[in-house]
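Reviewing the structure listed below.
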Amino acid sequence: MVASRTSMSSRLALAAALVALVAAAWPAAAQLPTYGLGRAPTAEEIKAWDLTIPPDGQGLPPGRGTAALGKPVYVQRCAICHGETGTDPKYFVLVGGRGTLNTDKPLKTIGSYWPYATTLWSYVRRTQPFDEPGSLTPDEVYAVTAYLLHLNGIVKEDDVLDATTLPRIQMPNRDGFVPDARPDVGRRPKTPPR
Amino acid sequence: MNRRRFLKRGVAALGATVAAGSAHAQAPAPDDPSKVLGGPKRPYGERSRFERAARGVPQPATKTDEWGPSVTPLGESMGIITPSSLHFEVHRGGVADIDPKKHRLLIHGMVDRPVILTVDDVKRLPSVSRIYFIECAGNTLTEWEGPDAPTVDWTHGLTSCSEWAGVPLALLLREVGVRKGASWIVAEGADATGNERSIPLAKAMTDILVAYGQNGEAIRPENGYPLRLIVPGWEGNVSVKWLRRLTVTDRPYMSRIESVDHTSLMPDGKARRFMFVMEAKSVITFPSGGQRVSGPGFYEITGLAWSGRGRIRRVEVSTDAGKTWRDATLQQPVLPFAHSRFGLPWRWDGREAVLQSRCTDETGYVQPTLRELVKVRGVNSKFHLNAIQSWKVDADGRVKNVHV
């Protein structure tokens, strides 16, 4: 600061006041340089919101869980909407359906359809339970994820899921997706435009 | 989720709503309004008490009513703009209740200057306004296997068109400095399910808006107040409502909605994903299912057409189940990524007629028949049904949904 290295003549004090005034109106840290608007986020602010987890697991927090630990969490927090087994068609079905995708009655579940286990973790962490979104701890989310994968025959009851093992899970339908192929239907007009 | 069952229940609910509305009968209007002093001024206007158009709100199929759609009453639509109060909704965690003074937009990831902006900050930036439709990818999904929904509201009411005001996303991204190698953005809402979508950066740099205005006032809560993305021409779900975070990345994040829900299963068991564009589509809104033409004579057949690839170039109408077609008149303005209104004069002779519309967009793409779609995609792909719709006018003037 200019003022701290210099004797406080009245002229310099005025200059310092002017600098402070301009800085307040036009923060030096403005992140939109053309408009002088916005401030830099703190690491905590980003961490609080950035809970989307890509397939490589980037951003998964510490914590761990197994299917055995996840079962009581599921029964207590999830079963009211998803049923005890995740297979009851009265609810959102979460389990089963392997081998049905190319039939007349495809059953799309976590086991038969979801391509990435990280998606399941991220969705449960951010949005579940339905009426208390985001209320499960990371340990509970790892455990419930493990339980749902176990019900689908993808992990064993005591397999530990954490930030390292979760992204390594090979979901059965991982390669079941293709890019948009449209326009795949549609034709030129039969009659020419008038 | 059995959405078909969901919508069917909703039809009954709509009937109940209409019945309740007419039961509200009030004092009759004066025979000569020029002989009676009128009513007072109002700070926030309301429509005539004689108008009844309302969104169709299904009965909840789950334990809660926070999940699911409401549909725009297209059967009573006029022009191309959907009133904000009638814009369709789809929520998966209810309508977020947001104080704009507390709301923030975070832009971070592969950028030089990550930023937090207030809503007021966004409103200070150079603004634009554009008229764009938003159509849910699931619009018309009831119709894959046969005529199902009784009215155009329930077959096609998951599309609406508004004037949106806001800031080009490209302006914000240029300001924060997108780093080399970035190719996607991830957008997240502040609602209970934090809807999140990965969107190619190229689209973000082209025409996406961060919007705060809808039809001349703040965006309605159910449509994303105070900030939402508007992604012209793409499936509605990517126009993330209650926008609070944009992460610039080099890959899609495979959120649930994009890696699971909004994918289309093909007959071979493979599913298409990232089906962003809403292909050209049109529908006759009058006469349409559930309506009645009151007797032989003149009517204007009218409806809406739109394309996620740009402008509508042409709409043809058939009154004989597709045997012959006539060019409809396109009302101005015909805007890219917006509903366009078409009309065709019609003298009904009192005999059975099957009405259809077929649009062509500026790329030359012609709206297909359902048979053509099913031949390629089967009946389990759920989304993106943009086939020609048929309405049958019976000899008594009643109109119903048919497949021909």
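Miscellaneous remarks
- B:R245 falls short of the stated requirement of being touching a Ser or Thr at 6+ places or on another chain (Cβ under 7 Å), buried (at least 21 other Cβ atoms within 10 Å of the Cβ) and under 21 Å from B:L117 (Cβ atoms).
- The selection criterion, being within 14 Å of chain A (Cβ to nearest Cβ) and of a type outside the set (V, I, T), holds for B:A328.
Table: residues versus (1) at pLDDT below 75; (2) farther than 27 Å from B:H262 by Cα; (3) basic (K, R).
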| site | (1), (2), (3) |
| --- | --- |
| B:G15 | yes, yes, no |
| B:V18 | yes, yes, no |
| B:A23 | yes, yes, no |
| B:D31 | no, yes, no |
| B:K41 | no, yes, yes |
| B:G56 | no, no, no |
| B:T64 | yes, no, no |
| B:T82 | no, no, no |
| B:I98 | no, no, no |
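- In the range A:164-187, the residues that are closer than 16 Å to A:L60 by Cβ form Cβ pairs under 8 Å with partners that are of a type in the set (D, E, K, R), at six or more places apart or across chains, as follows: A:T165/A:D159; A:P167/A:D56.
- Going through (1) within 30 Å of B:L171 (Cβ to Cβ); (2) modelled with pLDDT of 90 or more; (3) in a helix (DSSP H, G or I) one by one, A:Y35 falls short only on (3).
- Once the range A:98-114 is narrowed to residues that are surrounded by fewer than 21 Cβ atoms within 10 Å (Cβ to Cβ) and not charged (D, E, K, R), the residue that is nearest to the other protein chains (Cβ to nearest Cβ) is A:N102.
- Out of B:R313, B:R347, sole residue that is farther than 22 Å from A:A181 by Cα and within 13 Å of another protein chain (Cβ to nearest Cβ): B:R313
- Considering residues of the range A:105-139 that are hydroxyl-bearing (S, T, Y) and assigned to a helix (DSSP H, G or I) only, the residue farthest from B:L265 (Cα to Cα): A:T127
- Count - residues of the range B:118-144 that are in contact (Cβ under 8 Å) with a residue 40 or more places away in the chain and either within 9 Å of another protein chain (Cβ to nearest Cβ) or of a type in the set (A, V, I, L, M, F, W, C) (or both): 12
- Checked against (1) modelled with pLDDT of 95 or more; (2) buried (at least 20 other Cβ atoms within 10 Å of the Cβ), B:N195 passes all but condition (1).
- Test: residue in the range B:98-105 that is under 19 Å from B:D153 (Cα atoms) and within 14 Å of chain A (Cβ to nearest Cβ): no
- Qualifying residue in the range A:34-43 (condition: under 20 Å from the mean Cα position of the chain (by Cα), of a type in the set (D, E, K, R) and surrounded by 14 or more Cβ atoms within 10 Å (Cβ to Cβ)): no
- Here the strands (runs of 3 or more DSSP E) wholly within the range B:166-283 that include at least 2 residues being within 14 Å of chain A (Cβ to nearest Cβ) and on the phi < 0 side of the Ramachandran plot are B:184-189, B:196-200, B:243-249, B:271-273.
- Residues that are surrounded by fewer than 20 Cβ atoms within 10 Å (Cβ to Cβ) and polar (S, T, N, Q), drawn from the range B:351-368: B:T363
- Looking across B:R272, B:R228, one residue alone is more than 16 Å from B:S129 (Cα to Cα) and surrounded by 20 or more Cβ atoms within 10 Å (Cβ to Cβ). It is B:R272.
- Within the range B:364-385, tally of residues that are touching a Ser or Thr at 6+ places or on another chain (Cβ under 8 Å), outside any strand (DSSP E or B) and either within 9 Å of chain A (Cβ to nearest Cβ) or among the hydroxyl-bearing types (S, T, Y) (or both): 5
- Filtered by the rule that a residue be in a loop (DSSP other than H, G, I, E, B) and under 30 Å from B:T263 (Cα atoms), the range B:100-141 gives B:M110, B:C136, B:A137, B:G138, B:N139, B:T140.
- Taking the criterion of being more than 14 Å from the chain's Cα centre (by Cα) and closer than 18 Å to A:G57 by Cα, the residues of the range A:111-135 that qualify are A:W114, A:P115.
- Residue within the range B:96-115 that is closer than 30 Å to B:K382 by Cα and touching a residue at least 60 places away in the same chain (Cβ under 8 Å) present: yes
- Single residue of B:G289, B:G303 found to be assigned to a loop (DSSP other than H, G, I, E, B), at pLDDT 95 or above, of a type in the set (G, A, S) and surrounded by 19 or more Cβ atoms within 10 Å (Cβ to Cβ): B:G289
- Count of residues meeting criterion [more than 9 Å from chain B (Cβ to nearest Cβ) and outside any loop (DSSP other than H, G, I, E, B)] in the range A:38-88: 19
- Flag for B:Q356 being part of a strand (DSSP E or B) and polar (S, T, N, Q): yes
- Residue, nearest to B:G236 (Cα to Cα), within the range B:314-350, restricted to residues that are surrounded by fewer than 21 Cβ atoms within 10 Å (Cβ to Cβ) and aliphatic (A, V, I, L, M): B:L335
The values are calculated or read from the model by the stated rules, or taken from the named source; none is laboratory data. Keep in mind the model is a prediction, meaning the values are calculated, not measured. A quick note on method: Cβ atoms are made from the backbone with ideal geometry, for glycine too, and the neighbour counts reach across all protein chains shown.
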